[in-house]
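Peer 1: Sending over a structure as structure tokens; questions will come in a sec.
What follows is calculated from the coordinates using simple rules that are stated; it is not laboratory data. Please read these numbers as outputs of a predicted model, since none were measured by experiment. Heads up, the Cβs are rebuilt from the backbone with ideal geometry, glycines too, and the neighbour counts pull from every protein chain shown.
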Amino acid sequence: MSTSPQTNPNDQEIDLSQLSKRIGDFFQSLIDKFFDGILFLIRHKYSIGLLLVVGFALGFYLDSRRKQYDNQVIVTPNFGSTDYLYSKVDLINAKIKEADTVFLKQLGIQEPKEISEIEIEPILDVYRFVNNSQQNFELLKLMAEDGDVKKIVEDNLTSKNYMYHLITYRTKGKTTKDKTLNPILHFLNQSDYFSKIQKEYISNIKTKIQANELTISQINDLMNQFSNTLSNSQRSDKLVYYNENTQLNDVIKTKDELIKEQGQHRVDLVNSDRIVKDSSFTLNLESKSLTNGKMKLILPLVLVGLFVLFGMFRRFYRNQLAKRNLA
């Protein structure tokens, strides 16, 4: 014969009443603490008001003296100098973090203490990247088969191959092109190795332009001869047979391609006058950082918060002393 423990209904009622009492005590303690906080604010309203005024005044002063601005320049690294460009920008940023004003002044930067940081990032332009060459398209297509296209496009190795890159540096106060931008760009273009590459690259472009001009001139002479021959045959009523105009079409197509190539060569000459070519810049954009221009709001809250924490700690300390009969 099996026996099973029997639950006393009175015990269940006691457990429920204790649980209900504990829940009620918990909410009551929250209400008491909330009310204690209100009383604390009322008792120290003058001190808190003074802290708010002082914090606002100090924050307003800091906002007016230390307002930060972002300055941006779009650049194109020529002659395969992308890694060189990134390493140079990283070097400048490291010197800024080290507060190496001697190095920054040697670059020609005026008031180097006013620069807080500098960074560079690629401007994502996958369409231009693909259109630049068939190899880029095939490479991106191959990589996309084994992974997420978005991750590949934003990958560091891929993004460095984009044409345009954005350099951003932050200053404490407004700046000018002569104070910061020109010295930075001058430093980025100081490379003996890439200067030699630049010289040979420009020489090659000029040679191609001359060769194309000669070829275009020869095509023009050939077409003039054909036009004269056709005109003479019409006057003499003689039949001239031309192989379905296919050769003439090829000649015209070749000339058209050479003209387009000449245009691109001349654009390349314009873009190749510097190792790191700047195309546009914007100075003194008000920074969107979390604290920029908001110290007048942040400092009052910080001071009041510290005052409240100090009051809570003092009350806790006194309660602990009272428990130990040390007060």
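Peer 1: Arrange the following residues from fewest to most other Cβ atoms within 10 Å of their Cβ: E111, E98.
Peer 2: Values: E111 15, E98 10.
Ranking E111, E98 by Cβ neighbours within 10 Å, fewest first, gives E98, E111.
Peer 1: In the range 159-209, with Lys and Arg counted as +1 and Asp and Glu as -1 at Cβ, which of these residues, I167, Y201, L188, has the Cα nearest the positive end of the dipole, that is, farthest along it?
Peer 2: Farthest along the dipole direction, towards plus: I167.
Peer 1: What does the extension gain come out to for L258 and Q106, with contour length at 0.36 nm per residue minus their alpha carbon separation? Walk me through the numbers before you get to the answer.
Peer 2: On the way: separation 152, 0.36 × 152 = 54.72 nm, distance 4.65 nm.
Roughly 50.1 nm would be gained on extension.
Peer 1: Once the other residues with Cβ under 11 Å from the Cβ of T168 are scored (Lys, Arg +1; Asp, Glu -1), what is the net sum?
Peer 2: -3
Peer 1: Continuing with this model, one more query. Under 25 Å Cα-Cα from K208, which lysines qualify once same-chain neighbours fewer than 8 residues away are excluded?
Peer 2: Partners within reach: K196, K199, K253, K255, K260, K277.
Peer 1: Could you list V267, V89 in order of exposure, starting from the residue whose Cβ has the fewest other Cβ atoms within 10 Å?
Peer 2: Values: V267 10, V89 23.
Exposure proxy ranking, most exposed first: V267, V89.
Peer 1: Here is a follow-up. Would you mind checking which residues have amide H under 5 Å from I123's amide H? H placed 1.01 Å from N; only 5 or more apart, or other chain.
Peer 2: Y164, H165, L166
Peer 1: Compute the distance in nm between two label points, each set 7 Å from the Cα along the Cα-to-Cβ direction, one at Y193 and one at T168.
Peer 2: 3.0 nm
Peer 1: I need H44, H165 ordered by Cβ neighbour count within 10 Å, fewest first.
Peer 2: Exposure proxy ranking, most exposed first: H44, H165.
Peer 1: A further question follows. Full-extension gain between D90 and F40, please, as 0.36 nm times their residue separation minus the C-alpha to C-alpha distance. Spell out each step's value before the answer.
Peer 2: Numbers: separation 50, 0.36 × 50 = 18.00 nm, distance 5.12 nm.
That pair, D90 and F40, stretches by 12.9 nm at full extension.
Peer 1: What length, rounded to one decimal in nm, is gained on full extension from T282 through to R266, with 0.36 nm per residue of separation minus their alpha-carbon distance? Before the final figure, lay out the partial values.
Peer 2: Values: separation 16, 0.36 × 16 = 5.76 nm, distance 2.69 nm.
That works out to 3.1 nm of additional length.
Peer 1: Another question, if that's okay. Quick one: which residues, 5 or more positions from E117 or on another chain, have an amide H under 5 Å from its amide H? H modelled 1.01 Å from N in the peptide plane, none for Pro or chain starts.
Peer 2: R170
Peer 1: Work out the FRET efficiency for F316 and E119 from their Cβ-Cβ distance, taking R0 = 35 Å, and round it to the nearest 0.05.
Peer 2: Numbers: r = 45 Å, r/R0 = 1.28.
E(calc), rounded to 0.05, equals 0.20.
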